[in-house]
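Trainee: Just dropping this structure here.
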Amino acid sequence: MNIHLDNLTVNFDDRFQLDEINWQLNSSQHWVVTGANGSGKSALAAILAGAGENLSGSIEGLPAKVGLVSFEAQAELIEAELKKDDADIMDVIAEGTPVHEILNPGDSNQQLIDELVEKFQLQSLVDRAFRKLSTGESRKVMLIRALASEPDLLVLDEPFDGLDAHTLEMLQQYLATLIETVPMVMVLNRFDEFPDFITHIAYVDNGRLQHRIDRSDTKAYNELYQLLHLKTTDLAVPTTDPETAIPTLDPTQPLVRLSSLNITYDGHKIIDSLDWTIERNQHWQLSGPNGSGKTGLLSIITGDHPQCYVNDIFVFGFKRGSGESIWQIKQFIGYVSTALQWEYKVGTGLRNVIISGFYDSIGLYTKATDRQKQIADEWLALLGMSDRADTPFNKLSYGDQRLLLIARAMVKHPPLLILDEPCLGLDDMNRQLVLALIEKICAGSETSVLYVNHHPEDKIKGIENYLALEKREPDNS
Amino acid sequence: MSNNYFNTLPLREQLEQLAKCRFMDISEFPDGVEALKGKKIVVIGCGAQGLAQGMNLRDSGCDVSYTLRQTAIDEKRQSWKSATENGFVVGTYEELIPTADVVLNLTPDKQHTPVVNAVMPLMKEGACLSYSHGFNIVEEGMQIRDDLTVIMVAPKCPGSEVRNEYVRGFGVPTLIAVHEDNDPKGEGLALAKAYAVGTGGHKAGVLMSSFIAEVKSDLMGEQTILCGMLQTGSLLCFDKMVEEGIEPGYASKLIQFGWETVTEALKYGGVTNMLDRLSNPAKIKAYDLSEELKVIMRPLYNKHQDDIIDGTFSRTMMEDWANDDVNLLGWRAETAETAFEKTPAGDVEISEQEYFDNGILMVAMVKAGVELAFETMTAAGIIADSAYYESLHETPLIANTIARKKLYEMNATISDTAEYGCYLYNHACLPLLADFMKDIKTDVIGKGLDLEDTGVDNARLIEVNAALRAHPVEAIGTTLRGHMADMKKIV
Ligand SMILES: NC(=O)c1ccc[n+]([C@@H]2O[C@H](COP(=O)([O-])OP(=O)(O)OC[C@H]3O[C@@H](n4cnc5c(N)ncnc54)[C@H](OP(=O)(O)O)[C@@H]3O)[C@@H](O)[C@H]2O)c1
């Protein structure tokens, strides 16, 4: 068996589309297809059983006999049975097709069917009408039918769902005996359910096959784990600490108001008379080429730019230069940037790095409270890093550092979260991880996000305001 | 004519002032910068300390502006640029001093007398004059108008660190003091505390001390272990290695970065940890060398401390000031011409551990210098906390400057006073160690011990380890580093 999907775009009843899929499978491999709900993972598996309408690209090498188990297939079968019912003459009580007929449509190995019926403990049900079975029972029937059809390829979409522990274990053991003879593609959502014999993982997101990973690539495997974890767990953004709570802001005032802002370097104006207001609960994307003053503009807001004292700046209820301290400003802001990551060259453990977000400090200089530790641990759980609470920050991969700094920035639920090129320097997988986390934050809190990026593809759901800066030529000054 | 203030005090008072030093708890700063709120702070000079302190104070909510001498403004010197580019108001003495509630004198110590004489008549009745080093008051006996409050807030780090640590959300250890003769309203301490908070110092530890203890310990530290010992050590070790046939590029690099590397271990775990980085035989060797060095150099450390205490040092230095810095400039030029200074670091890889293994003598010199300076200061009546900061604590900071651009960078970064004292020490120390150096071979500097058998005598090792740990600088160091670590997890 050698299946080739080349740039394949497939439509499913105009409800859903898989785009430009490139995928190769051979008979020595066993795949898991995974992704969030609605990502298209079931559709991708179903293509192998001939589902969907090819719009472009090609699929080659599909085997003749594919054993498919899925909720969709199960539902179709049940629906067909119910239709038969309707078609019957009113006064004859329709029984529907009995289970044994469903199990053996004609040419299957009856001996194997009997063996499996026993294994699944369905003996008492073989003569019952299929449509009378419970969902769990009909699922077992589907499984037996697929296994006994002696297929060239087994496609099992969430085969373990709804099985009791005993059956689940039996099925896993049974599947393990088939690995030399039948290649398998399983759709699974939970990493802990991946059978040991799985050799490859396909990750689907938004109708696209985003990653194909060899399981022996531990790094990629772990990152995929984290990504799936972020995409699929319903963990909410952890609450914040009431004791270090940020003072409440006047709801009628904007978060930031810059009036005729000028920033000058060596007599050269990089920002000229900019007016900009960030209202509460607005999300903004700030873009512009290098040298257009993006970082300067941000540091004016955060108070790190000395020229914030010579401009008309109103932030979080303070007019800058009226006796406020920068720590009073910074308490309202969560901030993530590559520069921060470089500066954060410390051996502080991950938990303490997150807690340092309560104090806006690089490193932790204050004794953390139990409540703060607990919150930090919730964040670590959200990131899938619970087992690394005491790992030094500088031992983390680059992408994980970024995720952690986002958690640090969010830990206090700031009214404004500034993400300065949060995906810079990250590979594709880590980019998606970061974006997944940001989306979670945008959706789940009262924080306004100010997102700085010049990659249009890194769009974030929920951002509706845009400010584009242009690079100013030196003679404009 | 200057009149040494310390020498005018009765002995009882001298001892009392020298012994003033108390580590303040962070809970003693509940009022933050309140005492400075609504007050106008004018900084004189925008150099290393001036810029860093001013930026921190402004970021803490204080009203800060700068006054510079007329020529600096007219010529748009670096000090003028630093202040204006950072968005500060800059003005002449006449424009700004009369409006100031607090004047921070952050000009070079050598200029303090003319600067203070120029600004004092312009100062508001009842205003405050602050220093970051007490030389002018203590050694020159500067008399300040009776209605003015005089305080000192002295960060124990170079200006760059003062700013960087603040931005991280931390600070640097800071010494504060009130000049008791000038505290007419009794508000000196409150102002000094608020100022220390404004620069972030309270987060890293504040020592409440006296002008006298600050000056006498600061001078002692900087001219002996901090700068003098590193300069003398650099020159001696380099010449010895070259004489013994070691490639000059290697020798130059071993020294330039060696001080930084070995004192990094000092910063984290004191002298004990620095020596623990050596193999057992090397540790015993370093210990023996340092004991020998301490015997040879002790009279020199005593002389420096005595000259500092009785004012001989500042008097001779001020004579040089009056003589157009002939000595200082001559010594500076001489240093630039030394073989070490002129040989660039070679393009060779030296691992972190190799700096220890091949720099046993350097380790011994640091140990001897730290311990001698500490012992001499405490014997003169300076409290251990203060002696620790002025010796061991600052050594790695100075070593960093050598790593950047050798002795030139060190002498450019430190004050003229420190530089003068450093040369003084160097000139006395080089001949003093001449005989000692004759017996030195590459096993302790350049190549490391060449041993078939790395075994050592247990009894001897136990003795050495015990002696290292029993030194009083280790006890106070453990306590103070403990304070720091509680507050600052990353040292
Ligand atoms: N460096 C340290 O590590 C350190 C640590 C603690 C305390 N301190 C103390 O801090 C104070 C300042 O030291 P620093 O190292 O910051 O000095 P610095 O970097 O040399 O800066 C001195 C500033 O004063 C100005 N200045 C020089 N001569 C002047 C004069 N005659 N009149 C008016 N202004 C003059 C200079 O500007 P122009 O020449 O452009 O006028 C410059 O901006 C000293 O008391 C020092 O002991 C220093």
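Trainee: Give the separation of the Cα centroids, the range B:12-33 to the range A:1-75, in Å.
Mentor: 76 Å
Trainee: When all alpha-carbon pairs of the range B:23-65 are counted, what percent fall beyond 12 Å?
Mentor: Details: 569 of 903 pairs.
Taking all Cα-Cα pairs of the range B:23-65, the fraction more than 12 Å apart is 63 percent.
Trainee: Heavy atoms only, 1.4 Å probe, whole protein assembly: order A:Arg139, A:Arg371 by accessible area, highest first. All intermediate terms of the calculation are to be shown ahead of the outcome.
Mentor: Working: A:Arg139 5, A:Arg371 70 Å².
My answer, sorted largest first, is A:Arg371, A:Arg139.
Trainee: Now a separate question. Quick one: if the Förster radius is 25 Å, what FRET efficiency do A:Asp161 and A:Glu464 give, using the C-beta to C-beta distance and rounding to 0.05? Could you put the intermediate results ahead of the total?
Mentor: Numbers: r = 38 Å, r/R0 = 1.51.
So, using R0 = 25 Å, E works out to roughly 0.10.
Trainee: Okay, next question. Using just the helices of chain B, give the 222 nm mean residue ellipticity in deg cm²/dmol: DSSP H runs with n ≥ 4 each add -39,500 (n - 2.57), and the total is spread over all residues, rounded to 500. Write down the numbers at each step before the final one.
Mentor: Working: 26 runs with 290 residues, N = 491.
Value at 222 nm, helices only, nearest 500: -18000 deg cm²/dmol.
Trainee: Out of every Cα pair in the range B:21-209, what percent are spaced more than 31 Å from each other? Provide the component values of the computation, followed by the final result.
Mentor: On the way: 1497 of 17766 pairs.
I get 8 percent for the Cα pairs in the range B:21-209 exceeding 31 Å.
Trainee: With no solvent and one equal point scatterer per Cα, compute the Debye intensity ratio I(q)/I(0) for the range B:213-483 at 0.11, 0.14, 0.15 Å⁻¹ and report its log10, rounded to two decimals.
Mentor: So the normalised log intensities work out to -0.57, -0.94, -1.08.
Trainee: Would you mind checking B:Lys253/B:Lys342; B:Lys110/B:Lys367; B:Lys156/B:Lys253; A:Lys412/A:Lys471; B:Lys124/B:Lys203 for any pair whose Cα atoms are more than 23 angstrom apart? Before the final figure, lay out the partial values.
Mentor: Working: B:Lys253/B:Lys342 12 Å; B:Lys110/B:Lys367 31 Å; B:Lys156/B:Lys253 28 Å; A:Lys412/A:Lys471 34 Å; B:Lys124/B:Lys203 32 Å.
Listed pairs above 23 Å: B:Lys110/B:Lys367; B:Lys156/B:Lys253; A:Lys412/A:Lys471; B:Lys124/B:Lys203.
Trainee: Taking each residue of A:358-370 in turn, how many C-beta atoms of other protein chains fall within 10 Å of its C-beta, and what is the average? Numbers along the way, then the final one.
Mentor: Values: counts 0, 2, 2, 6, 7, 8, 6, 13, 7, 2, 0, 0, 0.
Mean inter-chain Cβ contacts per residue within 10 Å come to 4.
Trainee: Can I ask one more? For the range B:51-86 and the range A:158-174, what is the centre-to-centre distance using only Cα atoms, to the nearest Å?
Mentor: The distance from the Cα centre of the range B:51-86 to that of the range A:158-174 comes to 74 Å.
Trainee: For B:Lys441, go through the lysines and keep the ones whose alpha-carbon is under 17 Å away, minus same-chain ones fewer than eight residues off.
Mentor: Straight-distance partners of B:Lys441: B:Lys240, B:Lys283, B:Lys285.
Trainee: I need the Debye-formula profile for chain A: one equal scatterer per C-alpha, no solvent, reported as log10 I(q)/I(0) at q = 0.08, 0.11 1/Å, two decimals.
Mentor: -0.63, -0.95
Trainee: Additional query: Within a Cβ distance under 10 Å of A:Leu380, other residues only, what is the Lys/Arg minus Asp/Glu net charge?
Mentor: Values: positive: A:Arg351, A:Arg388; negative: A:Asp377, A:Glu378, A:Asp387.
Here the charged neighbours net out to -1.
Trainee: State the three equivalent ellipsoid semi-axes of the range A:102-223, derived from the C-alpha gyration tensor as the square roots of 5 times its eigenvalues, in descending order and whole Å. The partial results should precede the final answer.
Mentor: Numbers: eigenvalues 176, 47, 38 Å².
In descending order the semi-axes read 30, 15, 14 Å.
Trainee: Could I ask something else about it? Take peptide B:198-206, look around each residue's Cβ out to 10 angstrom, count Cβ atoms belonging to other protein chains, and average those counts.
Mentor: Numbers: counts 1, 0, 1, 0, 0, 3, 1, 0, 0.
Neighbouring Cβ atoms belonging to other protein chains average 1 per residue here.
Trainee: I want the antiparallel fraction of DSSP beta bridges within the range B:21-209, as a percent rounded to 5. Display every interim value, and only then the final one.
Mentor: Values: 9 of 31 bridges.
Bridges in the range B:21-209 are about 30 percent antiparallel.
Trainee: Okay, moving on. Which Cα, out of A:Gly57, A:Leu450, A:Ile47, lies furthest along the positive dipole direction of chain A (beta carbon charges, K/R +1, D/E -1)?
Mentor: A:Leu450
Trainee: When the Karplus curve 6.51 cos²θ - 1.76 cosθ + 1.60 is applied with θ = phi - 60°, which whole-Hz ³J(HN,Hα) does each residue of the range B:88-103 get, with x for Gly and Pro?
Mentor: With coefficients 6.51, -1.76 and 1.60, one gets 9, 6, 10, x, 6, 3, 4, 6, 9, 4, x, 8, 7, 8, 10, 10 Hz.
Trainee: Given the peptides B:354-367, A:170-183, A:314-327, arrange them by the average over their residues of other C-beta atoms within 10 Å, most packed first. List each step's numbers first, then the result.
Mentor: Details: B:354-367: 25.5, A:170-183: 15.0, A:314-327: 17.3.
Packing order, densest peptide first, comes out as B:354-367, A:314-327, A:170-183.
Trainee: Within the range A:1-76, list the trypsin sites (Lys or Arg not before Pro) lying in a DSSP loop whose Cβ has at most 14 other Cβ atoms in a 10 Å radius.
Mentor: Numbers: sites: A:Arg15, A:Lys41, A:Lys65; in loops: A:Arg15, A:Lys65.
Those satisfying the criteria are A:Arg15, A:Lys65.
Trainee: Based solely on its DSSP helices, what 222 nm [θ] is calculated for chain A when runs of n ≥ 4 H residues each add -39,500 (n - 2.57) and the sum is averaged over all residues, nearest 500 deg cm²/dmol?
Mentor: Numbers: 14 runs with 152 residues, N = 477.
When only DSSP H runs of four or more count, the value is -9500 deg cm²/dmol.
Trainee: What average number of partner chain Cβ atoms lie no more than 10 Å from the Cβ of the residues making up B:53-63? Before the final figure, lay out the partial values.
Mentor: On the way: counts 0, 0, 2, 1, 1, 5, 11, 6, 9, 2, 3.
Other-chain Cβ atoms within 10 Å of each residue's Cβ, averaged: 4.
Trainee: Any idea what angle helix B:211-221 forms with the longest principal axis of chain B, computed on alpha-carbon atoms, 0 to 90 degrees, nearest 10?
Mentor: In chain B, helix B:211-221 runs at an angle near 30 degrees to the longest axis.
Trainee: Right, something else. Got a sec? Charge dipole of the protein assembly as shown, +1 on Cβ for Lys and Arg, -1 for Asp and Glu; which of A:Leu188, B:Ile445, B:Val153 is way out at the positive end?
Mentor: B:Val153
Trainee: Further question on the same structure: Ignoring ligands, DNA and RNA, what percent of the accessible area of the protein assembly as shown is carbon or sulfur (1.4 Å)? The partial results should precede the final answer.
Mentor: Numbers: 19690 of 39430 Å².
It is 50 percent, rounded to a whole number.
Trainee: In addition: Calculate the translational D of the range A:308-425 in whole µm² s⁻¹ from Stokes-Einstein, where the hydrodynamic radius comes from the Kirkwood formula applied to all Cα pairs, the temperature is 37 °C and the viscosity 0.692 mPa s. Walk me through the intermediate numbers first.
Mentor: Details: Rh = 14.9 Å.
Once the numbers are plugged in, D ends up at 220 µm²/s.
Trainee: Something else about it: Mind checking the per residue accessible area of the range A:313-429 for me, 1.4 Å probe, whole number of Å²? Don't skip to the answer; put the middle values down first.
Mentor: Working: 3780 Å² over 117 residues.
Per residue, the range A:313-429 has an accessible area of 32 Å².
Trainee: Compute the normalised compactness of the range B:102-210: alpha-carbon radius of gyration over 2.2 N^0.38 Å, N being the residue count. Numbers along the way, then the final one.
Mentor: Details: Rg = 13.7 Å, N = 109, 2.2 N^0.38 = 13.1 Å.
So the Cα radius of gyration is 1.05 times the expected 2.2 N^0.38 Å.
Trainee: What value does the range B:81-150 have for Rg/Rh, both radii from Cα atoms and Rh as Kirkwood defines it?
Mentor: Using Cα coordinates only, the ratio equals 0.97.
Trainee: Moving on. Cα atoms only, the range A:242-468: Rg and Dmax in Å?
Mentor: Considering the range A:242-468 through its Cα atoms, Rg and Dmax are 17.1, 51 Å.
Trainee: Using alpha carbon centroids, what distance separates the range B:206-268 and the range B:329-362, in Å?
Mentor: 11 Å
Trainee: In terms of solvent-accessible area of protein heavy atoms at a 1.4 angstrom probe, what is the ranking of B:Asp307, B:Asp146, B:Asp457, highest value first? Could the numbers behind the result be given before it?
Mentor: On the way: B:Asp307 35, B:Asp146 125, B:Asp457 100 Å².
Heavy-atom accessible area, descending, gives B:Asp146, B:Asp457, B:Asp307.
Trainee: Still on this structure: Please report the antiparallel percentage of the DSSP beta bridges confined to the protein assembly as shown, to the nearest 5.
Mentor: Numbers: 44 of 99 bridges.
Around 45 percent of the beta bridges assigned by DSSP in the protein assembly as shown are antiparallel ones.
Trainee: Once you have all Cα-Cα distances for chain B, histogram them in 20 Å bins from zero and send the whole-percent values.
Mentor: 24, 55, 20, 1
Trainee: Based on Cα positions only, what radius of gyration and what Dmax would you give for the range A:2-225, in angstroms?
Mentor: 18.2, 65
Trainee: Let me ask something else. Just the accessible area per residue of the range B:228-373, please: how many Å² with a 1.4 Å probe?
Mentor: Details: 5360 Å² over 146 residues.
Ligands and nucleic acids excluded, the figure is 37 Å² per residue.
Trainee: How do B:82-92, B:68-78 rank on mean C-beta neighbours within 10 Å, highest first?
Mentor: Numbers: B:82-92: 18.2, B:68-78: 14.4.
In decreasing order of mean packing, B:82-92, B:68-78 become B:82-92, B:68-78.
Trainee: Also: Averaging the inverse of every distinct alpha carbon separation and then flipping it gives the Kirkwood radius. What is it for the protein assembly as shown, in angstrom units? Working shown, then result.
Mentor: Working: mean 1/r = 0.0299 Å⁻¹.
The Cα-based Kirkwood calculation yields 33.4 Å.
Trainee: Sticking with this structure for a sec: Can you compute the FRET efficiency between B:Leu15 and B:Asp325 using 1/(1 + (r/R0)^6), with r the Cβ-Cβ distance and R0 = 45 Å? Round to the nearest 0.05. Numbers along the way, then the final one.
Mentor: On the way: r = 34 Å, r/R0 = 0.75.
Once rounded, the FRET efficiency stands at 0.85.
The values are calculated or read from the model by the stated rules, or taken from the named source; none is laboratory data. Please read all numbers here as calculations on a predicted model, not as lab measurements. Positions of Cβ are generated from backbone atoms using ideal geometry, with glycine treated the same way; all protein chains shown enter the neighbour counts. With ligands, DNA and RNA removed, areas are computed over all heavy atoms of the protein, side chains included. Shrake-Rupley method; radii C 1.70, N 1.55, O 1.52, S 1.80 Å.
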